[in-house]
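Okay, structure first, notes after.
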Amino acid sequence: MALTGLFLVLFVIVHMLGNFSFLVGPEAFNSYTYKLKSLGPLLYFVEIVLALAFLFHAWNAVRVWWGNNKARPVAYRKTATSGNPSKQTISSKTMIWTGSIILVFTIIHVLTFKYGPAEAEGYIMMVNGTEMRDLYRLVLEVFQSPVYAFGYIAVMVLLGFHLRHGFWSAFQSLGANHPRYSPLIYTIGLIIGAALAVGFTIVPIVAYFNLV
């Protein structure tokens, strides 16, 4: 679960950076997505690896959560945020729930954009003589819905909370639990979680308020 989690963190960072091309304009964003699509079999391979990593990560998370519940069927009388060495926070205590919401969101997100309206439905743009899918238009239209725009933002905030604990926990699971390095890894996790939460909210805000 630690390895798949770190792999997915890397993917999410790359995905966010790619999303920033939306801020440059329709030609830049559509050209970026067109180049990804033109990878052909390589893109399909990457998508399969991502899907397997996502499902494997989710399955193991449920398995661990279920095992913990069976090991302690009676809940604690009192719970509170802890410091070292457990680093127990609201992020760590809600991992299964934030992860479940992110899983459902990801399915909706993929259906909305990857399998949403394309060239056949008239979402077409010409860039330097090349016809390509106008995904920029679709993103603008989808984020005009306050439900999707602000729902997206809410899930990205949960993603930040999820990564806040998940990043540090992954390295701890891999044995990188050392007084010298653990505080740095924990801080990096905080920064990554906050940066991704903020970074992913930029596009929906720009699209919803027509700031392009």
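Bear in mind these aren't lab numbers, they're just calculated from the coordinates by the rules spelled out. Owing to the predicted nature of the structure, the values given are computational and were not obtained by experimental measurement. Positions of Cβ are backbone-derived with ideal geometry, glycine not excepted, and every protein chain shown enters the neighbour counts.
For this structure, a couple of remarks:
- Label point distance in nm, ALA51-VAL110, each placed 7 Å from Cα along Cα→Cβ: 0.6 nm
- Across TYR186, TYR148, TYR115, mean-square fluctuation computed from a Gaussian network of the chain (C-alpha pairs under 10 Å connected) peaks at TYR115.
- Distance between the 7 Å Cα→Cβ label points at LYS37 and GLU119: 0.7 nm.
- A dipole drawn for the chain from +1 and -1 charges on Cβ atoms has a positive end, and of ILE101, LEU36, ASN210 the residue lying farthest that way is ILE101.
- R0 of 22 Å, Cβ-Cβ distance ASN128-LEU23: FRET efficiency to nearest 0.05: 0.65
- Gaussian network model of the chain, springs between alpha carbon atoms under 10 Å - residue of LEU174, LEU50, LEU158 with greatest fluctuation: LEU174
- The longest part of the chain holding none of the exposed loop trypsin sites (Lys or Arg not before Pro), meaning those outside H, G, I, E and B in DSSP with at most 16 other Cβ atoms within 10 Å, is 1-76.
- Distance between region 130-166 and region 174-209 - C-alpha centres, whole angstrom: 18 Å
- Fewest-first ordering of TRP168, TRP66 by other beta carbons within 10 Å of each residue's beta carbon gives TRP66, TRP168.
- Additional length obtainable on full extension of the chain from TRP97 to ALA195, 0.36 nm per residue less Cα span: 33.2 nm
- Burial ordering of HIS162, HIS57, fewest other beta-carbon atoms within 10 Å first: HIS57, HIS162
- With Cα atoms as the point set, the chain shows a radius of gyration and Dmax of 19.5, 67 Å.
- Working note: 222 nm ellipticity from helices only, DSSP H runs with n ≥ 4, each -39,500 (n - 2.57), summed and divided by the residues of the chain, gives -23500 deg cm²/dmol to the nearest 500.
- Considering only ALA120, ALA58, ALA194, the mean-square fluctuation computed in a Gaussian network model of the chain, springs between alpha carbons under 10 angstrom, is largest for ALA120.
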